Amino acid sequence: MSGTGTIAGNDPLQTAVWRLRSRGCWTDAAALLASRTGPAAALQRASLLVERCLFTGDGWAEAEDGLRTAEALAEADDDRGAAACERGQLAYASTVLGVRDRADEARTALGRAAALLAPNASGRPLLDFRRGLIAEHLADSPQAAKAAYRRAHAGATARDDSLLLSFTWRHLAGLALRDGELPEARHGFAESLRIREELGYLVGTAPALAALADAEPEPEATRLRTEATRLFRLLGGVPAWLSPHLTPPAPAV
């Protein structure tokens, strides 16, 4: 979930990879990288396949193969740390989606990543964000999650990683909504949606719309969910975990 590929510069391959990734075509995006060798290409390919698992609940064997290749090709500690961060994310996805409980593996892998990545490494903000996910969704520790998300948010801001910022805004807003802080939640969800629309991150736009709907009154909430449902169907039901969130909550009795 890093911003890799969102600013492709003059590299037409990275531009093509981003366009496919942003539309949920992770396998095709990973295939484009087959002609590139070295640890960076292997890591990017693995990250695409891991992201596919989280969004679709499918492709676990391919992601494992990609991770093993990235781990084997890693030469420096930052490469090894980034690969460990992806392994932690894959284990987290398996756990949170109910495929197989790999929570201990997720924590261990992210701990290894923290030990390997230099304090100023480019992968630190993403690692902080993923540690926040573990704290929020596996440890049920919202305060620890908020601290991790804030570190990730600051790091993403410093590195101008817009895509990661869209995730940190959204998850900080989710914690604010959980605490009943509606104005703060609306602001965070709106910022996440704005960034994703500006980036053309289509596969992440429906979740952003649905999240904002949870913080808005009617009729705006229904309008947002309707648009989210349209995009969800356009992308063939991706992300798979979004479907229950497209149904409006039952009225209070």
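Listing for the model above:
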item: Checking D101 against (1) modelled with pLDDT under 95; (2) more than 27 Å from Y201 (Cα to Cα), the condition it does not meet; result: (1)
item: Any hit, region 94-117, residues being out of contact with any helix residue (DSSP H, G or I) (no Cβ under 9 Å at 6 or more places or on another chain) and either farther than 25 Å from A240 by Cα or not in a helix (DSSP H, G or I) (or both); result: yes
item: Residue match in region 219-230 (condition: exposed (fewer than 12 other Cβ atoms within 10 Å of the Cβ), at pLDDT below 95 and more than 18 Å from the chain's Cα centre (by Cα)); result: no
item: Matching residues, region 118-144, being farther than 17 Å from C85 by Cβ, assigned to a helix (DSSP H, G or I) and of a type in the set (A, V, I, L, M, F, W, C); result: A144
item: Condition check for D161: touching a residue at least 40 places away in the same chain (Cβ under 8 Å) and acidic (D, E); result: yes
item: Enumeration of residues in region 110-145 that are under 14 Å from the mean Cα position of the chain (by Cα) and of a type in the set (K, R); result: R130, R131
item: Residues (in contact with a Pro (Cβ under 9 Å, 6 or more places away or on another chain), among the aliphatic types (A, V, I, L, M) and surrounded by fewer than 23 Cβ atoms within 10 Å (Cβ to Cβ)) located in region 106-164; result: A135, A154, A158
item: Top-ranked residue in region 37-60 [being of a type in the set (D, E, K, R) and open to solvent by 30 Å² or more (accessible area, probe 1.4 Å); ranked as nearest to the chain's Cα centre (by Cα)]; result: R52
item: Residues being open to solvent by 10 Å² or more (accessible area, probe 1.4 Å) and either over 17 Å from the mean Cα position of the chain (by Cα) or free of Cβ contacts under 8 Å to residues at least 12 places away in the same chain (or both) - total across region 170-189; result: 10
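Conditions (1) touching a helix residue (DSSP H, G or I) at 6+ places or on another chain (Cβ under 7 Å); (2) open to solvent by 20 Å² or more (accessible area, probe 1.4 Å); (3) of a type outside the set (S, T, N, Q); (4) modelled with pLDDT under 95, marked per residue:
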residue: D11; (1), (2), (3), (4): no, yes, yes, yes
residue: R23; (1), (2), (3), (4): yes, yes, yes, no
residue: E62; (1), (2), (3), (4): yes, yes, yes, no
residue: A70; (1), (2), (3), (4): yes, no, yes, no
residue: R80; (1), (2), (3), (4): yes, yes, yes, no
residue: Q89; (1), (2), (3), (4): yes, no, no, no
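Residues checked against (1) touching a Leu at 6+ places or on another chain (Cβ under 6 Å); (2) over 24 Å from E197 (Cα atoms); (3) of a type in the set (D, E):
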site: P142; (1), (2), (3): yes, yes, no
site: A147; (1), (2), (3): no, yes, no
site: H153; (1), (2), (3): no, no, no
site: R159; (1), (2), (3): no, no, no
site: R170; (1), (2), (3): no, no, no
site: G180; (1), (2), (3): no, yes, no
site: H187; (1), (2), (3): no, no, no
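The values are calculated or read from the model by the stated rules, or taken from the named source; none is laboratory data. A quick note: this is a predicted structure, and the numbers were derived from the prediction, not measured. FYI the Cβ positions are ideal-geometry reconstructions off the backbone, even for glycines, and counts take in every protein chain you see. Quick note on the areas: whole protein, heavy atoms, side chains included, nothing else; ligands and nucleic acids left out. Shrake-Rupley method; radii C 1.70, N 1.55, O 1.52, S 1.80 Å.
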